[in-house]
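Working notes for the structure below.
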Amino acid sequence: MNKYGTTHKKRTRAAEDKLTFQERLAALRNIPAFFRMVWQTNRGLTITNGLLRIAQSAMPLSLLYVGKLIIDEVVLISKDHTHHSTQHLWQLVALEFGLAILSDALSRAITLIDSLLGDLVANHTSVKIMEHAASLDLDQFEDSEFYDKLERARQQTIGRTILLSQVFSQVQDLITMGFLAAGLVVFNPWLILLLLVAVIPAFLNESHFNHLHYRLTWGQTSDRRELDYIRYLGASDETAKEVKVFDLSNFLIQRFRVISDKFYNDKKNLESRHAIWGTLFALLGSAGYYAAYVIIILQTVNGVLTIGSLAFLAGSFRQLRTTFQGILIRFSSVTQGAMYLKDLFDFFEIQPQMRSPQHPRRFPHPIRQGFTFENVGFKYHNSDKWAIRHLNFTLHAGEKLALVGENGAGKTTLVKLLARLYDPVEGRILLDGVDLREYDLSELRTQVGVIFQDYQRYQMTVAQNIAVGNITHGHDHELIQDAARQSLAEPLIEKMPLGYEQMLGRRFNQGIDLSGGEWQKIALARAYMKDAQLLILDEPTSALDARAEYNVFLRFADLTRDKTAVLISHRFSTVRMANRILVLEKGQLAEIGSHEELLERRGKYAELFELQAAGYK
C-alpha cells in the first residue's frame with residue numbers, strides 16, 4: 001500500500017494498451033457500488049424508474065402483436081366481407097392506439113426521472129468528492145499524481161447521468177429482448193442464431209474503440225489540467241494586469257493552440273478509424289437482417305405464415321436486431337463508464353495519513369507549558385531537500401514569538417507543523433509535554449488560528465469572507481463585526497455601498513475589488529473570528545505600508561495579551577515587538593532571543609537588521 005492508502009498502482013499508457021476484454025468486463029464490478037450511491041441519493045426515484053422501465057419493456061412486443069392481429073383481421077375481412085364484422089378490428093385499433101399513448105407517456109416519464117435522478121447523483125457525487133478531499137492531508141494536494149486522480153474523479157460527476165440512463169436502459173432492453181425472442185422462437189428459432197452472427201462482430205468493434213477512447217482520455221488528464229490553467233491565465237481578472245504588462249497573451253495563446261491541436265488531431269484520427277470500421281460492420285448487420293427477411297417472406301409465400309405473422313416476425317426481428325445491437329454497443333459504453341468509475345472509486349480509496357487517535361487526549365484549556373520542538377525535521381513529498389531539520393526550541397504559553405529568515409528558510413513550514421497541517425518526518429512536537437499526534441486533530445485546529453501570506457480572496461460577501469475564519473459561527477453578525485473592528489477593517493467596510501453584504505471581487509454582479517492592503521485587513525479579521533489559544537500571522541500584512549503594518553501588529557499584540565502568538569514579518573520594526581525572535585537559516589535554527597540580545601550577539605539577525613536599516617538611510 002502506498003502513502004495515499006491505496007493498493008492501486010499508477011497505470012501507465014503501456015498498461016492500458018494491454019487491457020483485455022476480461023479486464024474491461026471486470027470493470028463492471030464497479031456498477032453495484034455506483035448503484036448503491038444512486039440508491040442512497042434518492043430511493044423513491046430509483047424504484048419508480050425501475051418500475052416504469054419494466055412496463056415500457058413490454059410495449060414493443062405488445063404493439064407488434066396487436067399489429068399482427070389487425071393485419072390478419074383486415075385480410076380475413078377483405079376475403080369475406082359479408083360474414084365478418086369490423087367491430088373486433090376497431091377494438092384492436094383502439095387497443096393499439098392506447099398502447100402507443102401509454103408507451104409515449106412511459107418514455108417521457110422515464111426521461112424525466114433519468115434527468116432528475118442524474119442531477120441528484122451528480123450533486124451527491126460532487127459533495128462526496130469535496131467531503132473526501134477535505135479529509136485528506138495537505139501534502140497529498142502537493143502531488144501531481146494525486147491531482148490527476150482528483151481531476152478524473154471530478155470528471156465523473158459530469159458523465160454519470162449518461163451512465164445511469166445507460167445501465168437502466170440496458171436492463172430494460174434485456175427484458176424487451178426476452179419478450180421478442182420468445183415470439184421469434186415460437187415461429188422460427190433459427191432467426192435468433194442469424195441475429196447473433198450479424199450483430200456480435202459490430203459489438204466487438206464498438207468495444208474495441210470505446211476502450212481506445214478511454215485510453216486517450218485517461219492519458220490526456222495532465223495536459224487537460226494544463227489547458228484549463230492556460231485558459232484561466234488568458235482570461236481572468238486576477239491575471240489580466242500581468243498578462244498585459246508582460247505581453248503574455250501571444251505566448252499563452254500559442255501554448256493553448258499546441259495542446260488543443262494535439263487533442264483535436266488525436267481525436268480526429270481515432271474517430272475517423274471508428275467511423276470506417278463501424279460502417280463495414282453495419283453493412284454486415286444489414287446483410288444478416290435481410291437474409292432473415294428473405295426467409296420470412298419465402299415462408300409466407302409458401303403459406304406457412306400469414307401476412308400478419310410476416311409483419312409480426314419482420315418487425316420483431318428488426319426490433320430484436322436493433323435492441324440487441326443497442327445492448328451490445330451500450331454494453332461496451334457501460335464497461336467504458338465502469339472503467340471511469342474506477343477512477344472515481346480510486347480517489348475515494350485514497351486515505352489521509354494524519355488522523356486523530358482512537359482515544360484522543362483533550363486539548364489543554366488553557367495551554368500551560370507551550371509547544372516544544374524536539375529535533376524536528378521535515379521535507380516535502382517528492383523532495384530530497386530538508387525544509388527544516390534538527391529544530392529544537394520551546395514556544396512558551398502566552399509568548400509572542402517572531403520568525404525571521406530569508407525566503408526559503410522554513411518559516412512557513414514551521415507554522416504549518418505547529419497547526420499540524422503536516423507531521424514531522426523526524427522528531428516530534430509536544431504540547432504541554434504530549435505529542436501533538438495524541439490530540440484530536442479537529443479540536444487542535446480549532447484552537448489554532450492561522451492567516452497565511454497566500455490567503456484566499458473569496459468571491460463572496462464581506463461577511464462571508466470574514467466568517468470563513470470560523471464558519472460554524474458564520475451567522476453570528478456581532479462576532480463578524482467585532483472581528484472586523486479588531487483587524488481595523490471596519491472603517492473600510494463602512495464606506496462600502498452594501499456594508500457587510502457587499503460582494504467582493506469582479507466575478508459576480510455588483511462586486512467590487514479591493515487593493516492588496518484592503519484585502520489583507522479583511523483576511524486578518526478571520527484570525528479574530530475564533531477564540532483560538534494560538535494565533536499565527538504568516539506575513540499577511542506584506543501589502544500594507546510600514547506604519548499600517550506597525551499599527552496592525554500593535555493591535556494584534558494587545559488583543560493576544562493572554563494568548564500564544566507567532567508572527568512572521570520582514571519588517572524589523574514589527575519583529576522587535578515580539579518577546580523572542582527565532583532566526584532560521586537554511587531550515588535550521590541559527591539563533592533565538594530578544595531583539596536586544598540578538599543585536600548584541602552580532603549574528604545573522606544583526607546582519608539582516610543592519611541591511612534593512614541601511615535601506616532606510
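The values are calculated or read from the model by the stated rules, or taken from the named source; none is laboratory data. Since we're looking at a predicted model, the values are computed, not measured. With ideal geometry, Cβ positions are generated from the backbone for all residues, glycine too; neighbour counts draw on all protein chains shown.
Some observations on this one:
- Unique match (being touching a Pro at 6+ places or on another chain (Cβ under 8 Å), within 30 Å of residue 397 (Cβ to Cβ) and not hydroxyl-bearing (Ser, Thr, Tyr)) among 481, 486, 520: 520
- Residues (buried (at least 18 other Cβ atoms within 10 Å of the Cβ), farther than 24 Å from residue 475 by Cβ and in contact with an Asp or Glu (Cβ under 8 Å, 6 or more places away or on another chain)) located in the range 502-542: 541
- Qualifying residue in the range 230-240 (condition: buried (at least 16 other Cβ atoms within 10 Å of the Cβ), part of a helix (DSSP H, G or I), at pLDDT below 80 and in the same structural domain as residue 294 (by TED's automatic domain parsing)): no
- For residue 407: the one exception among (1) free of Cβ contacts under 8 Å to residues at least 40 places away in the same chain; (2) farther than 19 Å from residue 605 by Cβ: (2)
- Residues being of a type in the set (Val, Ile, Thr) and under 13 Å from residue 598 (Cα atoms) - total across the range 558-584: 3
- Of the helices (runs of 4 or more DSSP H) lying entirely inside the range 1-104, the ones with 3 or more residues being modelled with pLDDT of 80 or more and out of contact with any His (no Cβ under 7 Å at 6 or more places or on another chain) are found at 30-41, 43-57, 59-79.
- Between 437, 445, 485, the distinction of being of a type in the set (D, E, K, R), assigned by TED's automatic domain parsing to the domain that holds residue 514 and not in a loop (DSSP other than H, G, I, E, B) belongs to 485 only.
- Yes/no for residue 286 being within 21 Å of residue 209 (Cβ to Cβ), of a type outside the set (A, V, I, L, M) and modelled with pLDDT under 80: yes
- Qualifying residue in the range 374-388 (condition: touching a Lys or Arg at 6+ places or on another chain (Cβ under 9 Å), charged (D, E, K, R) and free of Cβ contacts under 8 Å to residues at least 24 places away in the same chain): yes
- Pick from the range 348-383, criterion within 30 Å of the chain's Cα centre (by Cα) and farther than 19 Å from residue 417 by Cβ, ranking: surrounded by the most Cβ atoms within 10 Å (Cβ to Cβ): 350
- Condition met for residue 204 (under 23 Å from residue 338 (Cβ atoms) and out of contact with any helix residue (DSSP H, G or I) (no Cβ under 8 Å at 6 or more places or on another chain)): yes
- Subset of the range 241-279 (residues that are surrounded by fewer than 14 Cβ atoms within 10 Å (Cβ to Cβ) and modelled with pLDDT under 80): 241, 242, 244, 245, 246, 247
- Among the conditions (1) within 30 Å of residue 182 (Cβ to Cβ); (2) touching a residue at least 40 places away in the same chain (Cβ under 8 Å), residue 304 misses just one, which is (2).
- Annotation: of all residues in the range 558-617 being of a type in the set (D, E, K, R) and in a loop (DSSP other than H, G, I, E, B), the one that is farthest from residue 393 (Cα to Cα) is 617.
Residue by residue, here is whether (1) aliphatic (A, V, I, L, M); (2) assigned to a helix (DSSP H, G or I) holds:
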| residue | (1), (2) |
| --- | --- |
| 265 | no, yes |
| 268 | no, yes |
| 275 | yes, yes |
| 285 | no, yes |
| 289 | no, yes |
| 303 | no, no |
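- Pick from the range 469-501, criterion surrounded by 19 or more Cβ atoms within 10 Å (Cβ to Cβ) and touching a strand residue (DSSP E or B) at 6+ places or on another chain (Cβ under 8 Å), ranking: farthest from residue 534 (Cα to Cα): 500
- If the condition is being in a strand (DSSP E or B), closer than 19 Å to residue 553 by Cα and not basic (Lys, Arg), then the range 396-415 contributes 401, 402, 403, 404.
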